[in-house]
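Worksheet: the structure to be examined is printed underneath.
The values are calculated or read from the model by the stated rules, or taken from the named source; none is laboratory data. As the structure is a computational prediction, the values presented were derived from the model and not from experiment. All Cβ positions, even for glycine, are placed from backbone atoms using ideal geometry, and neighbour counts span all protein chains on display. Keep in mind that these areas ignore ligands, DNA and RNA; they rest on the heavy atoms of the full protein, side chains included. Shrake-Rupley method; radii C 1.70, N 1.55, O 1.52, S 1.80 Å.
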Amino acid sequence: MPETAIQVAGTFNVADLSFDDFKKIVINDYRIGYESRQASILGRREVLTGKAKFGIFGDGKEVAQLAMAKAFRNGDWRSGYYRDQTFMFATGMSNLREFFAQLYANPDIEKEPASGGRQMNCHYATRFLDTDGNWINQVETKNCASDISTTAGAIPRLLGLAYASKLYRQNKELSYLDNFSVNGNEVAFGTIGNGSTSEGAFFETFNAAGVLQVPMAISIWDDAYAISVPACLQTTKEDISEILKGFQREEGTNGFEIFKVRGWDYVALCETYERAISLCREEHVPVLIHVTEMTQPQGHSTSGSHERYKSKDRLAWENDHDCLVKMREWMIATAIATPEDLGQMEAEAKKYVRECQREAWNELADIITVELNETAKDLEALADISAYRDDLMEIVSELRSSVDPGRKDIVSATRKALRLTVNEDSTERRALQVWLKDEIGKNDVRYNTKLFSNTIESPLKVPVINAQYEDDARLVDGREVLNACFDANFDRDKRIVAFGEDLGAIGDVNQGFAGLQNKYGDIRITDTGIRETSIIGQGMGIAMRGLRPIAEIQYLDYLIYAMTIICDDLTSLSYRTMGGQKAPVIIRTRGHRLEGVWHSGSPMGMILSAMRGLHICVPRDMTQAAGMYNTLLRGDEPALVIECLNGYRLKEKLPTNVGEFTVPLGKAEILSEGNDITVVSYGSTLRIVMEAVPELAKLGINVEVIDPQTLYPFDTDNLCGASLKKTSKLLVVDEDVPGAGSAYIMQRILEAQGGYYALDAQPRSLTAKEHRPPYGSDGDYFTKPSLDDVIDTVYSMMSEVNPAKFPAIY
Ligand SMILES: Cc1ncc(C[n+]2csc(CCOP(=O)(O)OP(=O)(O)O)c2C)c(N)n1
Ligand SMILES: [Mg+2]
């Protein structure tokens, strides 16, 4: 790595700081800021010359980030957005080479540790799992949760990162987890653009932090624009801290401490961060630092130019108020540095950034050149003995002359060559076939792995323990099975916490947690406001800090309010960091059958499409649900468990090992054996299907009923496909709209499991109607699959194949 000045911003320890030391720190800060600016300029150039796809940079935001970095300590967390490169450099959480490696999408995590080339540039993350998936010691490092591109997307999890400090400080039973916290002294730093504060996720989370009183420090980088949209169209009074004044804490109230400071005023920024963060750290008071008068010297991103929408006056103002220009002026005016010294340092910094950029480029380009040359030689060898010599040499020549080639060019050339010579056989061709398979495998690892953490703690590896019962096992309400399960787990593992609307004092709306707050305390079992997005964010943040949250969403219908955070942030976390981060949140909810437009939804197709990266559990009763919780709480991957809303009062036997037995994920169960037709269903409709079985038997039809138990993973032992070999007929029953959850199940069975080949009748689905279900029992009967519907549909499928034996009923 080329030589540079100290990469990490110094802190001012006023007591024993000489003017010389002070100068050194300031000059070093300026250099970090200046290097960062050069990286932005060079990065943009690399995009515009075609070496990288897209660029978004932190120019104009440098000085505030230098000040913020001074207050950031080991153990602290950042959860922010794409403008923070200076902060990342100043804290040592990233560096220039990694910055360029990400711009070039280098898939090597050694070179691009934030995402292994998966995320666009300036999306930061530190790796807090080692290569085996074990936690590293978080109190000895500075920590950065992985960025996402959606505006305000980093804020909900910020709440959890801060909330973890509160749990670690207030719950002394957690003191053994000393690699995650030192008495909850860690501050969670958030950053967000002024425009993004218009998002609901920001307001919701902000309010929650004021209620919870957690060490969360949100900085708002205010450059008065959100791409082209000016502040007057974004924010009431054009001033976010002004309108948030009602959150200011007062004598005897909770709330925030709110600070406002200009983004080019180095001294004021350093003082503000020092004051704000010590208060936040010591007293667990959330703070807001509104940093105004920031600029965008190069405009928003490489996708357009800001001259299109900013006035000449505004552009001139931005030039004058460029934070680095202002800092430089101040340094000269206060005799911290001379223009000559600074000029020389800037020249060195420019050169240094250029060297880092070249090295990062070469690190990837050199490897690809070697790979390209090897493949080109192999293609030439094939050409030498092939009847398609000229065409093959054309492919090689195109490959050799491609500008800034990537692996796709090499693989694509090989695939073309193999297509061309499909009727030939030679050692050379076979060698290319082998190479291609191997190369596709390697790129699979680069680009298609780590949807889940897949560590030794994966819930898929949790040993299966069967439920045990006494001979005269008690029949209890389903909710009591769950209650006993949660009780046993809270007793076993002090890291587990649960929170949600009405979860604490009354023990949730269906009383699964009844009495447990009294037993385990309100720091572990907690009521929250009505705020689904930030409930999930709260879970994510604390899960990233080593705790085990059960985050409850009161009804499945309200999961939609948390969709953005679940599908953007939680489910992509492992993938987008290439296994560098995890957040094993268990989302608990209840759904399917009840009555009413917002109390009976079963939007499984939506969930299955949007939430790959979660295990999706659909237990048919509370015993199966308990077994799934037992599995998930011993694993380390996120999951969604949807309990059946109409099952809490149904009687079930209470297992003697209610906190120990496990239900394995992805293992389907045959609930009724038969050889005429296979019916696959889950959750609440399963009970109806089981009621239909004896009725259909009376009509001479033997039904095989399969419960997949989890929709993702789905029936990993292919029980459904195997059943079709026997029955040749498939009916899928669920309560989603047509072509949603049922279409997913069909794809798994007919395509992935090869069930298509066993069919001798058209596969059918029995689902709810296209619209949401109405209120009332008649509405339910006419819109959701009923017992009559199941019987008649199965019968009609039999009739289709054998009308003589099964004449039409009506
Ligand atoms: C949810 C969402 N909506 C829209 C966008 C597109 N977008 C990307 S950046 C941006 C502007 C953000 O402005 P601001 O929050 O002020 O941050 P700045 O870029 O000015 O620092 C927009 C609209 C997005 N990424 N995510
Ligand atoms: Mg902005």
Meets criteria (within 14 Å of ligand 1 (Cβ to nearest atom), under 31 Å from the mean Cα position of the chain (by Cα) and within 27 Å of T526 (Cα to Cα)) for I227: no
Residue under evaluation A743, criteria (1) among the small types (G, A, S); (2) in a helix (DSSP H, G or I); (3) closer than 21 Å to I616 by Cβ; (4) open to solvent by less than 30 Å² (accessible area, probe 1.4 Å), criterion not met: (4)
Condition check for T455: touching a residue at least 60 places away in the same chain (Cβ under 8 Å) and of a type in the set (S, T, Y): yes
Failed item, numbered, when E374 is tested on (1) exposed (fewer than 14 other Cβ atoms within 10 Å of the Cβ); (2) farther than 19 Å from I440 by Cα; (3) without any contact (Cβ under 8 Å) to a residue 60 or more places away in the chain: (2)
Criterion (within 16 Å of ligand 1 (Cβ to nearest atom) and either closer than 18 Å to D84 by Cβ or out of contact with any strand residue (DSSP E or B) (no Cβ under 9 Å at 6 or more places or on another chain) (or both)) met by exactly one of T235, T253: T235
Search result, residues across region 377-387 that are under 12 Å from T414 (Cβ atoms) and crowded, with 20+ Cβ neighbours inside 10 Å: L379, L382
Residues (more than 10 Å from ligand 1 (Cβ to nearest atom) and crowded, with 24+ Cβ neighbours inside 10 Å) located in region 185-205: E186, V187, A188, F189, G190, T205
Answer residue from region 223-245, given it is surrounded by fewer than 18 Cβ atoms within 10 Å (Cβ to Cβ), within 21 Å of E204 (Cβ to Cβ) and of a type outside the set (A, V, I, L, M) and is farthest from ligand 2 (Cβ to nearest atom) among those: K245
Leading residue by the ranking (surrounded by the most Cβ atoms within 10 Å (Cβ to Cβ)) among those in region 430-458 that are among the β-branched types (V, I, T) and within 28 Å of the chain's Cα centre (by Cα): T455
Set Q248, Q296: member being surrounded by 20 or more Cβ atoms within 10 Å (Cβ to Cβ) and not aliphatic (A, V, I, L, M): Q296
Any hit, region 260-267, residues being within 28 Å of the chain's Cα centre (by Cα) and closer than 20 Å to Y82 by Cα: no
Count of region 280-292 residues which are within 12 Å of ligand 2 (Cβ to nearest atom) and either open to solvent by 10 Å² or more (accessible area, probe 1.4 Å) or part of a helix (DSSP H, G or I) (or both): 1
Some residue of region 164-184 being under 28 Å from P459 (Cβ atoms), surrounded by fewer than 24 Cβ atoms within 10 Å (Cβ to Cβ), aliphatic (A, V, I, L, M) and within 16 Å of ligand 1 (Cβ to nearest atom): no
Filtered residues of region 327-364 (kept if over 30 Å from E112 (Cβ atoms), small (G, A, S) and open to solvent by less than 20 Å² (accessible area, probe 1.4 Å)): A337
Single residue of D471, D491, D477, D522 found to be under 30 Å from F203 (Cβ atoms) and open to solvent by 10 Å² or more (accessible area, probe 1.4 Å): D522
Unmet criterion (only one of (1) within 16 Å of ligand 2 (Cβ to nearest atom); (2) over 30 Å from D527 (Cβ atoms)) for V267: (1)
Test set (1) free of Cβ contacts under 8 Å to residues at least 40 places away in the same chain; (2) closer than 27 Å to S602 by Cα; (3) open to solvent by 40 Å² or more (accessible area, probe 1.4 Å) - T783 fails condition number: (3)
Out of A268, A217, sole residue that is more than 16 Å from ligand 1 (Cβ to nearest atom) and part of a helix (DSSP H, G or I): A268
